[in-house]
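Every number here is computed from the coordinates shown, using simple stated rules; none is lab data. As the structure is a prediction and not an experimental result, all values here were calculated from the model. Counting neighbours? That spans all protein chains shown, and the Cβs are built from the backbone with ideal geometry, glycine included.
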Amino acid sequence: MKLIFLGPPGAGKGTLAVRAVEIVGCPHISTGAIFREAIAAQSALGLKVKAIIDAGKLVDDDTTIELVKERLAQADAQKGYILDGFPRTIPQAQALAQFSVVEKVVNFDIPDSGVLERLGGRRVCRKCGYNFHTVFNKPKVADVCDHCGGEVYTRDDDRPEAVQKRLEVYRAQTAPLIDFYRQQGILVDIDASPMVDEIVVSFKRVLGL
Ligand code: ADP
Ligand code: ZN
C-alpha cells in the first residue's frame, strides 16, 4: 500500500509507523530520520541540513524531493511504502504525484496542546530512531534504548524555541496539504490523541484492514 502519514510534529506519526509496518508489510520512509542519519554520518547532505533542521525550518524542496525520488526507486518500496514527513509542502506533493501514485493519506488529528506535551517529553534512540517519552513511554533503563541498547537523547529540534517554529511552519506550509488531498478523495482522518494501541485500531478501521 502506498501511504502518506500527514500531521503536525509530535502527532505520533513515527510511533504509529513502527506498528503500521507490520500491518501493511511496507517500509517506513521518514525524511526526518534520513536527514538525522546524514547528520550523524557528517555526510555532505548532513552538513548542508544540520543548521536548518536544528532551527526547526524546512530543508529546501529540491533537495528533499530528490532524496525521496531516489528512495522510492529502491526495490523494497515498489509494492508500497509509508511516507512519514513527506510531502510537507504543496510543491513536494505536486512533485511526488509525478513519480508515484499515492493510495491513501492518513491525517493525524491532534490539538497543539497534545503536540507540546509529546514533543516536550520526547526522547529518541540515536541508533535505531525509536521514540520514547519521559512520562508516557520511558525506556526500562534510563537513557538506554530497550530495542537496540543505543543512547536515548533529546533531539536538538525538540527544544522549545525550535518546537514553536516547527508548529508555525506546519500551519503555514504543511496544513494546506489536508485540503489538497481531501479534494482528491484519498484523505482519511484519525484521532491521534489516544495512546498508540488505540490509534492502531483506528488506523486499521479507516483503511478497511
Ligand atoms: P517531526 O515530524 O517531529 O517534525 P521529522 O523527523 O519528520 O520531525 O523532521 C525533522 C526535520 O527534518 C523537520 O523539522 C525539517 O527540518 C526536516 N524535514 C523532514 N522532512 C522534510 C520535508 N519533507 N521537507 C523539508 N524538510 C523536512
Ligand atoms: Zn534503539
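Overview of values
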read-out	value
Filter result for the condition that a residue is within 12 Å of ligand 1 (Cβ to nearest atom), over 18 Å from the mean Cα position of the chain (by Cα), farther than 19 Å from Asp191 by Cα and not acidic (Asp, Glu), over Ala41, Ala95	Ala95
Pick from segment 98-136, criterion more than 22 Å from Ala40 (Cβ to Cβ) and of a type in the set (A, V, I, L, M), ranking: farthest from ligand 2 (Cβ to nearest atom)	Val101
Residue in segment 9-23 that is β-branched (Val, Ile, Thr) and over 17 Å from the mean Cα position of the chain (by Cα) present	yes
Close pairs (8 angstrom Cβ cut-off, 6 or more residues apart or separate chains): touching a residue at least 12 places away in the same chain (Cβ under 8 Å) in segment 145-173, loosely packed, with under 13 Cβ neighbours inside 10 Å and part of a helix (DSSP H, G or I) anywhere	Leu167/Asp112
Which listed residue, of Val141, Val163, Val152, is buried (at least 17 other Cβ atoms within 10 Å of the Cβ), on the phi < 0 side of the Ramachandran plot, out of contact with any helix residue (DSSP H, G or I) (no Cβ under 9 Å at 6 or more places or on another chain) and not hydroxyl-bearing (Ser, Thr, Tyr)	Val152
